[in-house]
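Since the structure comes first, as structure tokens, the remarks are kept for the end.
The values are calculated or read from the model by the stated rules, or taken from the named source; none is laboratory data. Bear in mind that the values here come from a model prediction, so they are computed numbers and not experimental data. Methodologically, a virtual Cβ is constructed for each residue, glycine included, from the backbone with ideal geometry; neighbour enumeration extends over all protein chains shown. Surface areas here come from the heavy atoms of the whole protein model, side chains and all, with no ligands, DNA or RNA. Shrake-Rupley method; radii C 1.70, N 1.55, O 1.52, S 1.80 Å.
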Amino acid sequence: MTVKNQNITFDKLDKDDQIPYELLLLADPSKELVDEYLKQSDIYIARQNGETLGVIVLFLLTTETVEIKNVAVKPELHGQGIGSFLIENAVQVALLNRQKNICIGTANSSVGQLYLYQKLDFEITGIKRHFFTDNYAEPIYENGIQAKHMLVLTRELNDE
Ligand SMILES: CC(C)(COP(=O)(O)OP(=O)(O)OC[C@H]1O[C@@H](n2cnc3c(N)ncnc32)[C@H](O)[C@@H]1OP(=O)(O)O)[C@@H](O)C(=O)NCCC(=O)NCCS
């Protein structure tokens, strides 16, 4: 399967379209929490030739800040720039809506994601201590580290 970022579209999911839970649950193992934020979020899909490659969920946190609640790419397509494509398109949506900041939360254990978001100009702006231990029934481990705290990373959009 070749992607190479060609002819990939980025569109808001229609209300009648099927929600790509298999992708959303890769980023967030709690369907209960996913369903809760989906009630007030917009879902955007990256597609190529009709195939769904990835998903990103945007939630209006305040009038000035939009939060990426979920971003996920089909596992067999990781590392081909689709995650970056989704995030850069989300930034464009936020700019069109005149928001000033875009933020994303990730676990202390999500080493690759922390690398990716900082490479995309997000900076650590906060920590929600014990978020994962308080909100998830089962312990989550990644890279041999327990997910305990949520790090919040923000990209300021003022200068863009
Ligand atoms: C995070 C995710 C969306 C990134 O998508 P992607 O299409 O692989 O991202 P890109 O190809 O644009 O960029 C990947 C870059 O980040 C790094 N990276 C991203 N996730 C990584 C991970 N879990 N482990 C190691 N490196 C990772 C890659 O090495 C790559 O670096 P490079 O550009 O220097 O080669 C994807 O890994 C995914 O769906 N993961 C499962 C769901 C998830 O964890 N979502 C985020 C929740 S906070």
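Within the stretch 126-160, being of a type in the set (Gly, Ala, Ser) and under 18 Å from the mean Cα position of the chain (by Cα) holds for 126, 147.
Residue 132 meets all of the listed conditions (1) part of a helix (DSSP H, G or I); (2) open to solvent by 70 Å² or more (accessible area, probe 1.4 Å) but one, namely (2). Within the stretch 15-56, restricting attention to residues that are aromatic (Phe, Trp, Tyr) and not in a strand (DSSP E or B), the residue that is most open to solvent (accessible area, probe 1.4 Å) is 21. Scanning the stretch 12-29 for residues that are touching a Phe, Trp or Tyr at 6+ places or on another chain (Cβ under 8 Å) and either modelled with pLDDT under 95 or within 16 Å of the ligand (Cβ to nearest atom) (or both) yields a single hit, 29. Candidates in the stretch 36-61 are the residues that are farther than 20 Å from residue 99 by Cα and of a type in the set (S, T, N, Q); of these, the one that is farthest from the ligand (Cβ to nearest atom) is 49. Of all residues in the stretch 117-127, those satisfying the criterion of being within 14 Å of the ligand (Cβ to nearest atom) and more than 13 Å from residue 68 (Cβ to Cβ) are 118, 119, 121, 124. Pairs meeting the criteria (first residue in the stretch 34-55 and over 15 Å from residue 82 (Cα atoms) and of a type in the set (A, V, I, L, M, F, W, C), second residue open to solvent by 20 Å² or more (accessible area, probe 1.4 Å) and within 15 Å of the ligand (Cβ to nearest atom), beta carbons under 7 Å, at least 6 apart or on different chains) are 34/25. When 72, 94, 90 are checked against the criterion of being small (Gly, Ala, Ser), assigned to a strand (DSSP E or B) and under 21 Å from residue 55 (Cα atoms), a single residue qualifies: 72.
Check 124, 104 and return the single one that is among the aliphatic types (A, V, I, L, M) and closer than 20 Å to residue 44 by Cβ. Result of the check over 124, 104: 104. Looking only at the stretch 129-153, residues that are within 14 Å of the ligand (Cβ to nearest atom), more than 19 Å from residue 36 (Cα to Cα) and without any contact (Cβ under 8 Å) to a residue 60 or more places away in the chain come to 10 in all. Within the stretch 64-116, work out how many residues are more than 8 Å from the ligand (Cβ to nearest atom), open to solvent by 10 Å² or more (accessible area, probe 1.4 Å) and among the hydroxyl-bearing types (Ser, Thr, Tyr). Total meeting the criteria: 1.
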